[in-house]
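Below is one structure, written out as structure tokens; comments come after it.
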Amino acid sequence: MKNDTSRRNFLAAGLALPAAGLASTTSSPNPPAPAPPQAAAPSGKISYRTLGKTGMKVSTVGMGCMITTDSTVITRAADMGINYFDSSRGYQGGQNERMVGAALKSRRKDLFISSKCDGPWTGASILAQLDTTLKELGTDYLDVWLLHGLGNPEQITDELVEAQRKAKQAGKVRFIGMSTHNLPNIVDRVIETKLEVVQPQINYTSPGATYLPAVEKLAKAGVGIVAMKVMAAARGRRGGPPAPARTANSWAAALKWAINNPNIATTVPSMTDNEQLDQNFAVMGQSFTDADKQVLSARLEEIKPYFCRMCGQCSGQCPKGLPVSDMVRFAMYADGYGQFALGRENFQRMALEHQQVRCGDCTECTVKCPNGVHVAQQLIRAQELFA
Ligand code: SF4
Ligand code: SF4
């Protein structure tokens with residue numbers, strides 16, 4: 001009974017929305033010289049919002065290019081008025097930036113492009129990566145340059161931030177920031193180091209009690225928020241019961257949940273085809289309704305064995321020291337997004353001693369997830385796939 005009550009409270013908190021709704025959004029923006037839409041746009045009103053103190057007027061639905069392989073979808077998104085595109089040095093084995101750059105080349109000055117750097121985490125390494133990024137994208141500058149996927153404040157070192165500032169002074173990037181799967185952890189360090197943009201994993205599954213205040217605090221400090229993984233993708237385990245397919249309704253509701261938070265300037269859902277692009281585009285300007293809330297509550301129940309909400313409550317519970325939430329995410333890259341290589345790359349970045357652990361050797365898993373993730377099953381899945 002106690003667990004049920006806790007779960008209901010969690011759902012209520014996670015699905016709560018700031019009262020302001022779409023108040024700060026404009027549907028008649030003045031983004032930097034947006035080209036008129038050239039592609040047939042589905043019904044839906046494009047909306048723009050300011051990305052913190054950067055002043056950039058970004059479409060509330062941007063485009064995550066991580067798993068896009070058809071470059072015409074990217075070009076069409078730009079033609080429709082979407083103006084924020086997110087890539088990373090490491091996506092698709094280093095090939096993603098080249099495709100994104102080619103797709104957007106003719107309209108570069110009208111658009112905002114973001115990319116990220118990975119370890120090794122030294123100033124020299126990330127600056128070298130930036131030069132490769134610019135070359136691959138075929139551009140002289142990035143609008144937003146992010147340290148990729150850092151979850152602890154200690155990882156945001158003075159050396160890295162200094163290197164980012166150096167790149168900014170050199171005109172290679174306009175604004176600097178980081179992406180993270182653990183937003184509440186890094187808020188104070190972001191403000192302290194004066195990073196300008198944060199791209200967190202945040203969605204309707206995120207613990208509202210910690211994630212919503214974190215977003216609000218950053219927004220108040222003028223930090224631009226770009227929400228990623230807003231769809232909370234999850235699929236079933238091979239050999240186990242399949243998770244329900246994502247429906248257009250649950251996609252739309254999840255995206256609405258994010259863009260109706262005025263502290264989130266834009267979102268970067270992954271898109272692979274025109275159908276997804278049209279679905280996501282149509283969500284702009286729509287309110288998050290009680291019906292959406294019901295759809296997401298039901299969806300949350302369905303995905304809970306597979307989807308980590310990054311609440312951090314299992315931290316330190318594994319006696320073998322496994323980074324449980326990270327490993328659940330790695331399995332999700334393969335099973336939820338179809339990105340086996342991305343999952344494997346992340347897995348192989350773990351300490352060797354952690355890569356060598358086999359959860360099947362434990363008689364019982366001591367890690368208890370209060371949100372219903374089948375931890376041992378998901379970690380065994382990651383080990384089967386990537387070890
Ligand atoms: S596995 Fe469960 S307890 Fe651990 S971070 Fe994810 S949701 Fe929280
Ligand atoms: S089964 Fe559980 S306790 Fe054992 S190694 Fe895996 S996560 Fe740790």
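Structural remarks
- Chain lengthening between Thr289 and Asp70 when straightened (0.36 nm per residue, less Cα-Cα): 75.6 nm
- For the residue pairs Lys109/Lys217; Lys116/Lys194; Lys53/Lys168; Lys229/Lys293; Lys116/Lys320; Lys53/Lys229, alpha carbon separations beyond 26 Å are given by Lys109/Lys217; Lys116/Lys320.
- Contour minus Cα-Cα distance for Glu384 and Asp140 (0.36 nm per residue): 83.6 nm
- A simple count of charges around Phe281, restricted to other residues whose Cβ falls under 14 Å of its Cβ and scoring Lys, Arg +1 and Asp, Glu -1, yields -1.
- Note on Lys109 and Lys368: with the Förster distance fixed at 51 Å, the Cβ-Cβ geometry gives a FRET efficiency of about 0.45.
- Note on Ala298 and Arg165: the model spin-label points, each 7 Å out from Cα along the C-beta direction, lie 5.2 nm apart.
- Förster-model FRET efficiency, 51 Å R0, Glu154 and Thr272, C-beta, rounded to 0.05: 0.90
- Total formal charge among the other residues, if their Cβ is under 15 angstrom from that of Val226, Lys/Arg +1 and Asp/Glu -1: +3
- Reachable aspartates and glutamates, given that their alpha-carbon falls under 13 Å from the alpha-carbon of Lys105 and they are not under 8 places away in the same chain: Asp79, Glu97, Glu136, Asp140
- Computed extension length for Ile191-Glu216: 7.8 nm, one decimal, from 0.36 nm per residue of separation with the Cα-Cα distance subtracted.
- When +1 charges are put on Lys and Arg Cβ atoms and -1 charges on Asp and Glu Cβ atoms, the dipole computed for region 235-387 relative to its Cα centre reaches about 280 debye.
- Two-decimal ratio, region 324-386, of alpha-carbon radius of gyration to 2.2 N^0.38 Å: 1.06
- Alpha-carbon centroid distance for the pair region 63-99 / region 353-371, whole angstrom: 36 Å
- Between Ala351 and Ala209, the simple spin-label model (points 7 angstrom out along Cα→Cβ) gives 3.0 nm.
- Reduced Cα scattering model of region 230-387, Debye log10 I(q)/I(0), q = 0.16, 0.20, 0.21 Å⁻¹: -0.94, -1.27, -1.35
- Sites Gln317 and Phe340, calculated FRET efficiency, Cβ-Cβ separation with R0 30 Å, nearest 0.05: 0.65
Throughout, read-outs are computed from the coordinates displayed, never taken from laboratory work. As the structure is a prediction and not an experimental result, all values here were calculated from the model. Virtual Cβ from ideal backbone geometry, glycine too; neighbours counted across all protein chains shown.
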